[in-house]
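The block underneath contains the structure these notes are about, expressed in structure tokens.
The values are calculated or read from the model by the stated rules, or taken from the named source; none is laboratory data. Only a predicted model underlies this, so the values are computations on that prediction, with no experimental measurement involved. So basically every Cβ, Gly included, is an ideal-geometry build from the backbone, and we count neighbours across all protein chains shown.
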């Protein structure tokens, strides 16, 4: 990134964090949500210079809120609804503290995520489409969004790369990719992109058409699970990203539903993939860090927040959540 844009990005992050300081409740939460709180506090913990001294009490309150939502089974959630999602985001926040005293909580959370992975204990063998997937909770259907967040959490908390959870997860990831060479499901196409779950997207996305949010989630999930970046599955997913490169809409669609979650997933995907430049399908090179930073800086509101003014689906009208996605994405551009 250019020095000027890097400096402006740092200022935008600080502006976003200043907004979030005004939004934290007395109990340490944002939006009374474990998931939103975990995403927000990560924005502070992983900001370029780390949390400011003044943010010590803020961080402590938010971590206390998260720890107060632990359950005997290792999950961390305000209820057992969305417990997979909330546990994943909580583990990412706890890992970002780099405090070894949270290791027992982290290990219990890892065990919970492994427990809710679809497998033999639920009567699903490796031949079943949902095998290896992780969903919102222990009684929910799996999807690539929750799969990605869970694998991100397990990777960030240093789960043994030889743990069987990774190979099981790859079964589900492979079956969510439009790549018939590695996807044994009859519906699979061959554009290399990813969909929400084997055999279907959920509204407003259509059929089994690949789109950018899930392709970013799928590519980085492959990398988290130990697949080499030269592997054809990774290369075909990256080719899809190149051919559909845009930050104006969710790639592969003409929609902006959930676009800030796309920015979040895209930032982590590209950071993990490792290339500074993406050459699109027309041969035009893009510095993805600069493109993403400029896009988010242009969308930041005067009070430092972000919000999706085009779609309220999936809480994207909630500035606590959308600002968290944006700050964390910008943090990634500076790494």
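Values as computed for the structure displayed
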{"item": "Flag for residue 320 being assigned to a loop (DSSP other than H, G, I, E, B), within 15 Å of residue 22 (Cβ to Cβ) and touching a helix residue (DSSP H, G or I) at 6+ places or on another chain (Cβ under 6 Å)", "result": "no"}
{"item": "Number of the exception - residue 73 against (1) surrounded by 22 or more Cβ atoms within 10 Å (Cβ to Cβ); (2) in a loop (DSSP other than H, G, I, E, B)", "result": "(1)"}
{"item": "Subset of segment 285-322 that is within 21 Å of residue 270 (Cβ to Cβ) and touching a strand residue (DSSP E or B) at 6+ places or on another chain (Cβ under 9 Å) - its residue that is surrounded by the most Cβ atoms within 10 Å (Cβ to Cβ)", "result": "288"}
{"item": "Residue match in segment 185-198 (condition: part of a helix (DSSP H, G or I), over 22 Å from residue 324 (Cβ atoms) and in contact (Cβ under 8 Å) with a residue 40 or more places away in the chain)", "result": "no"}
{"item": "Of all residues in segment 1-25 being touching a residue at least 12 places away in the same chain (Cβ under 8 Å) and outside any helix (DSSP H, G or I), the one that is farthest from the chain's Cα centre (by Cα)", "result": "2"}
{"item": "Test: residue in segment 45-53 that is at negative phi, in a helix (DSSP H, G or I) and surrounded by fewer than 17 Cβ atoms within 10 Å (Cβ to Cβ)", "result": "yes"}
{"item": "Which listed residue is assigned to a helix (DSSP H, G or I), surrounded by fewer than 23 Cβ atoms within 10 Å (Cβ to Cβ) and at pLDDT below 95, from 145, 121", "result": "121"}
{"item": "Scope segment 284-312; condition at negative phi, assigned to a loop (DSSP other than H, G, I, E, B) and touching a residue at least 40 places away in the same chain (Cβ under 8 Å); matching residues", "result": "300, 303, 305, 306, 308, 310, 311"}
{"item": "Close pairs (7 angstrom Cβ cut-off, 6 or more residues apart or separate chains): within 18 Å of residue 163 (Cβ to Cβ) in segment 220-241, at pLDDT below 95 and surrounded by 14 or more Cβ atoms within 10 Å (Cβ to Cβ) anywhere", "result": "none"}
